[in-house]
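The structure under discussion appears below in the form of structure tokens.
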Amino acid sequence: MKRIITLISLLAFMAVSTVSYAADAGSVPQKKQTKLGLYMTAAETMNHIKANGDKTLFVDVRSRAEVNFLGTPTVIDANVPYMELSEWYTWNEKKKHFNLDVNSSFAKGIEDRLRGKGLSKEDTIILMCRSGSRSAKAANLLADLGYKNVISVIDGYEGDKAKNGKHKGQRVVNGWKNNGLPWSYSLDKTKMYVQK
């Protein structure tokens, strides 16, 4: 009887739940996995925002430079960078780019944006980066701080790299921009990250 009641409760929760996650969390690449195991694709994120945007904080966690030069989804609530270019623009020879450092004000930036939208740590937070790796790390940081409903967008803003063909190595596979979802180079200052 206890199992039947538990099953009925689970089915009832699923029926009223408005959050749908990526179908198979087990297929998420290891570098994109999070402690909470909550994922969405860019397309699923857009559908969720349309239905539940007032109860969700949607954050672009890319650096200010990325947002400035590559644009951002028009439906984000905020840009709160998880990482920023290192203060001294140090070069990473292995990765062939400038180093990024973790933003020590990231958690406070998320708290401020939640409060500004009238939300709390219990509400849904969706994090998006370029391709899903940094948003996973940012989700893990928030999980360590007690957040329970942090979702990482597994294909990010620019998507994954093609593994073969004429576009091999280019980010043309999936992601926000490649799905034709709304974005703009024109930034809304009220949504941008300004350190105080």
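Quick note: the coordinates plus some simple rules give every number you see, no bench work behind them. Treat the numbers as computed from the prediction; the structure is a model and nothing was measured. Neighbour counts are summed over all protein chains in view; Cβ atoms, including those assigned to glycine, are modelled from backbone coordinates with ideal geometry.
Evaluate Rg over Rh across the stretch 43-88, taking Cα atoms for both radii and Kirkwood's formula for Rh.
Expressed as Rg/Rh, it is 1.06.
What is the stretch 117-196's relative contact order, in percent, from Cα pairs under 8 angstrom and six or more apart in sequence? Working shown, then result.
Numbers: 107 pairs, mean separation 19.0, N = 80.
Relative contact order here is 24 percent.
Using the Cα centre of the stretch 100-188 as origin and beta-carbon charges of +1 (Lys, Arg) and -1 (Asp, Glu), tell me which of L145, H167, L181 is placed farthest towards the positive end of the dipole.
The residue sitting most towards the positive pole is H167.
Using a Gaussian network for the chain with springs between C-alpha atoms less than 10 Å apart, which of these wobbles most: V67, V80, V28?
V28
In debye, nearest 20: dipole of the chain around its Cα centre with unit charges on the Cβ of K, R (+) and D, E (-)?
Details: 30 positive and 19 negative charges, 85 e Å.
With only Lys, Arg, Asp and Glu charged at Cβ, the dipole is about 400 debye.
Any idea what angle helix 2-16 forms with the longest principal axis of the chain, computed on alpha-carbon atoms, 0 to 90 degrees, nearest 10?
Taking the Cα atoms of the chain, the angle to 2-16 is about 50 degrees.
Of the candidates T56, T45, T74, which one comes out as most mobile in a Gaussian network treatment of the chain with C-alpha springs shorter than 10 Å?
Fluctuation is largest for T74.
Ranked from highest to lowest mean number of other Cβ atoms within 10 Å per residue, what is the order of the peptides 135-141, 156-162?
On the way: 135-141: 23.1, 156-162: 21.3.
The peptides rank, most packed first, as 135-141, 156-162.
For the chain, what does the relative contact order come out to in percent, with C-alpha contacts under 8 Å and a separation of six or more? Working shown, then result.
On the way: 342 pairs, mean separation 51.2, N = 196.
So the answer I get is 26 percent.
In bins 10 Å wide, starting from 0, what share of all Cα pairs of the chain does each bin hold, as a percent?
Taking every Cα pair in the chain, the percentages come to 9, 34, 37, 15, 5, 1, 0.
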